[in-house]
Every structure is written in structure tokens, then in C-alpha cells.
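**Q** Have a look at this one before I ask anything.
The values are calculated or read from the model by the stated rules, or taken from the named source; none is laboratory data. As the structure is a prediction and not an experimental result, all values here were calculated from the model. Cβ sites come from the backbone with ideal geometry, for glycine too, and all protein chains shown count toward neighbours. What goes into the accessible areas is simple: the full protein's heavy atoms, side chains included, and nothing from ligands, DNA or RNA. Shrake-Rupley method; radii C 1.70, N 1.55, O 1.52, S 1.80 Å.
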Amino acid sequence: MNKKITPYLYIIPLFAAISLLILVPAFGTFINSFYRDVTFLDKEFIFFSNYLSLFGDNGFVQSLRFTVMFTLISVPFEMALGVMLALLLNEKIPGRGFLRVAVLIPWAIPVAVSGRIWQLIYNYSYGLINTIFLSLGISDAPVNWLGTGTSAFVSLVIADAWKTVPFVAIIILAGLQSIPDEIHEQAKTDGAGIFQRFFLLVLPILKPVIIVALLFRTIDALRIFDIIFVITGGGPGGSTNSLSLYAYNYYLSGDFGAGSAVSVILFLIALILSVVYVSAGKFSEDMK
């Protein structure tokens, strides 16, 4: 067999799997977004009408605003906590092995289960937070944590951080473990303080790892669905309705064309941010 052809034969199954499982559904969703595809009507090509209708829909604009704000606030918050947790777990402290396993517990719990846990914690009548506040006299009456748009937003950010900070910490910790102790010792010998070592030594080395964690968390935050579905259902008044939940509701109502258009918009936002992150990380240079 021709040696030039043989390598291509080995990667054909990979390309076939990617095409069948990723490219074909994605391309189908993109094409479908240009159709009026409603279960009880004939399918019709309407070009950009689905997109124009969406941007004139206050519900979609609110979902877009919520998704962007959730991403902008939750991702930096989770990244900061994840880095701090990783630095702590990288130190030679008693019980370090146990702590490294313990922090993974929230990440290992299914999202629907963790969402239900936090829904019970925020419960107005018998929730854990209200019970503690009333017992300690911090509040005279129960607080409706999911009753307003702002409090529901903050509650979702906290619940999402509890779930995903361990993921960030483990990725960052893996990067920290790759830095030889000799580098730290040499920096200490040269008189570098703890902040100088972190910002001038550790942070530049960790940049590719941080970019990867940032990329994963941003994409996850943009397509957040399950934890909102369980805790708030998009309420109150649609104030916590994410784009994924908005697309889901279109699909649920049988409007697959509009649902596809929302999915395409979400995909484009994630794609643009991914390109920005990869460009900022300069992976091609760092990997050389």
C-alpha cells in the first residue's frame, strides 16, 4: 500500500465520527434556522426572518442579556476562586490528599442533583440559609432568595460556582504541579516575594492552562441550562432565562426553526469568544 495514503486511512474513522456526530447536526441546525419549521405548519424557507423576529422579541433580548451578564460575572468569580483553591492545594499542608479528593465532590455530583440541593437551601419556608439567618437573628423574616431578578441571579452564580470551582482548581493545580520546585527556590534565593513569584513566575507559566480553563468555563456558562431549569425555571418573570433555556422552550413548543436560530446565535457567540481566547493565549507560540 502506498505509504502516503496509509496515514489518511487511519484518520478516516475519526473524520467520519466527527462529521456524523458534530458537523452534520451543526450544519443541519444552521440550515434549519432559515426555515419556518413548526410542527403544525408546512416547512417554508424564510431566510433571515427567524433571526429578525428574535431581535425584535423582548424575551430573547432579556435572555441574551442574562446569558452575557451571567458569563461575565460567574466566570471571573469562579476562575479567581479556582486559582486560590489550586494554590492552597499545591502547598504542603496536612491532609492535602484528602482535601484534593474532597473538593471534587461538588463537581462529581450530577448538575440536576446539585441544583435541587441549592433549591432546597434557598427555599423560603424551610431553606438552610433562612433557618440560619433566623436562628442567629440576622434577619427578622425569611428572605425570598429566588423572588427577585437580582437575588435569583446572585443565587444562581453562587450555586454554579460551588459546582464548577473544583473543575477550575484541578486544571490549575495540574499546571502548578508541572512547575519544578527548583524554580521557586531560585526565585526565593533571588529575593522574590510571594506576590512577585506568583505574578512574574507562576502566572506566565500557567497562562496556557488558565486560558484552557477560561475557555471551558466560558463555553459552559454561555450554554448554562440545567441548573437554571432546576432552581428557577427561568423565573421570576423570565429574568433568569438563559439562551439555552429559551431555545429549549422553542423546541418544546414545536418551533424548530426559531429554536435553531437561537442555537446558532449561541454557537457564534461561543465561537467568537473561543477565537479571542486562543488568540490571547497565543497557543501556537506557547506550544513550540
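**Q** Exactly one condition in (1) among the β-branched types (Val, Ile, Thr); (2) assigned to a helix (DSSP H, G or I); (3) in contact with a Leu (Cβ under 8 Å, 6 or more places away or on another chain) is not met by Thr240; state its number.
**A** (2)
**Q** To continue, here is another question. Tell me yes or no: at least one residue of the stretch 190-213 is assigned to a loop (DSSP other than H, G, I, E, B) and not small (Gly, Ala, Ser).
**A** Yes, there is a match, as at least one residue in the stretch 190-213 is assigned to a loop (DSSP other than H, G, I, E, B) and not small (Gly, Ala, Ser).
**Q** Among the candidates Ala108, Ala102, single out the residue that is out of contact with any Phe, Trp or Tyr (no Cβ under 9 Å at 6 or more places or on another chain) and open to solvent by less than 40 Å² (accessible area, probe 1.4 Å).
**A** Ala102
**Q** Just a yes or no: is a residue in the stretch 246-254 touching a helix residue (DSSP H, G or I) at 6+ places or on another chain (Cβ under 7 Å), at pLDDT 90 or above and outside any helix (DSSP H, G or I)?
**A** No, there is no match, as no residue in the stretch 246-254 is touching a helix residue (DSSP H, G or I) at 6+ places or on another chain (Cβ under 7 Å), at pLDDT 90 or above and outside any helix (DSSP H, G or I).
**Q** Also, I was wondering about something else. Quick one: in the stretch 13-72, which of the residues that are open to solvent by less than 50 Å² (accessible area, probe 1.4 Å) and of a type in the set (Asp, Glu) is nearest to Ala261 (Cα to Cα)?
**A** The residue in question is Asp37.
**Q** Right, something else. Residues in the stretch 244-260: is at least one out of contact with any Gly (no Cβ under 8 Å at 6 or more places or on another chain), surrounded by 14 or more Cβ atoms within 10 Å (Cβ to Cβ), within 27 Å of Pro166 (Cβ to Cβ) and not hydroxyl-bearing (Ser, Thr, Tyr)?
**A** No, the stretch 244-260 contains no residue that is out of contact with any Gly (no Cβ under 8 Å at 6 or more places or on another chain), surrounded by 14 or more Cβ atoms within 10 Å (Cβ to Cβ), within 27 Å of Pro166 (Cβ to Cβ) and not hydroxyl-bearing (Ser, Thr, Tyr).
**Q** Among the residues of the stretch 173-187, what is the count of those that are part of a helix (DSSP H, G or I), open to solvent by 20 Å² or more (accessible area, probe 1.4 Å) and modelled with pLDDT of 80 or more?
**A** 2
**Q** Scan the stretch 127-139 and report the pairs whose first residue is surrounded by 14 or more Cβ atoms within 10 Å (Cβ to Cβ) and whose second residue is at pLDDT below 90, with Cβ atoms within less than 6 Å and a gap of 6+ or a chain change.
**A** Hits for this filter: Phe133/Ser139.
**Q** Now, a different point. Looking at Val202, Val157, which is the one that is of a type in the set (A, V, I, L, M, F, W, C) and either within 16 Å of Gln119 (Cα to Cα) or surrounded by fewer than 18 Cβ atoms within 10 Å (Cβ to Cβ) (or both)?
**A** Checking each option against the conditions leaves just Val157.
**Q** Before we move on, is Ile138 in a loop (DSSP other than H, G, I, E, B) and over 25 Å from Phe98 (Cα atoms)?
**A** yes
**Q** Continuing with the same structure: Can you tell me how many residues within the stretch 208-239 are within 24 Å of Val113 (Cβ to Cβ), without any contact (Cβ under 8 Å) to a residue 60 or more places away in the chain and not basic (Lys, Arg)?
**A** Number satisfying all stated conditions: 6.
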